[in-house]
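Asks: Here you go, one structure.
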Amino acid sequence: MGIAERDRRIVFLEAQRAENDAGEAEVTGWNTLFYRWAAYEPVSDGERLRAAAVEQRSDARFRVLWSGPMVQITGAHRLRFDGADWQITGLKERGFKGEIEITAWKIPEVA
């Protein structure tokens, strides 16, 4: 993938946790970890049909260059893109220390 394809700025987020009255850790917010340039590719309707996805949601793939900080990213993190938060559902290394492909779905805004 060429540098020109990574034309979208995304922010990786980490959960901020606090203990509730029951002594359990609950998410109280999301802190910025770091920024990366990424290629953005919405998942097509055809792919969603083949995957038998019935939920009404926006899915996408983001491709970023491999880096040391990217190694810590898991499904427990989120990313922020185009003013919305996205739940990370998959990470796949493409080539040895080449690219990382991130699959995510857009978290609906609560009114």
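Each reported figure results from applying straightforward, stated rules to the coordinates on display, with no laboratory input. Here the structure is a predicted model, which means the values were calculated and not measured. Don't worry about glycine lacking a Cβ; one is built from the backbone with ideal geometry, like all the others, and counts go over all protein chains shown.
Asks: Please compute the volume of the convex hull spanned by the alpha-carbon atoms of the stretch 3-106 and report it per residue in Å³.
Replies: On the way: hull volume 13.8 nm³, N = 104.
Expressed per residue, the convex hull around the Cα atoms of the stretch 3-106 is 133 Å³.
Asks: For GLN72 and ASN31, compute 0.36 nm times the residue count separating them, minus their Cα-Cα distance, and round to one decimal in nm. Display every interim value, and only then the final one.
Replies: Values: separation 41, 0.36 × 41 = 14.76 nm, distance 1.46 nm.
Extra length from GLN72 to ASN31 when fully extended: 13.3 nm.
Asks: Next question, about the same structure. At a 10 angstrom cut-off on C-beta neighbours, averaged per residue, how do the peptides 17-23, 58-64 rank from highest to lowest?
Replies: Order by mean packing, descending: 58-64, 17-23.
Asks: For the stretch 3-106, calculate the relative contact order in percent as a whole number, restricting contacts to Cα pairs under 8 Å that are 6 or more residues apart.
Replies: 26
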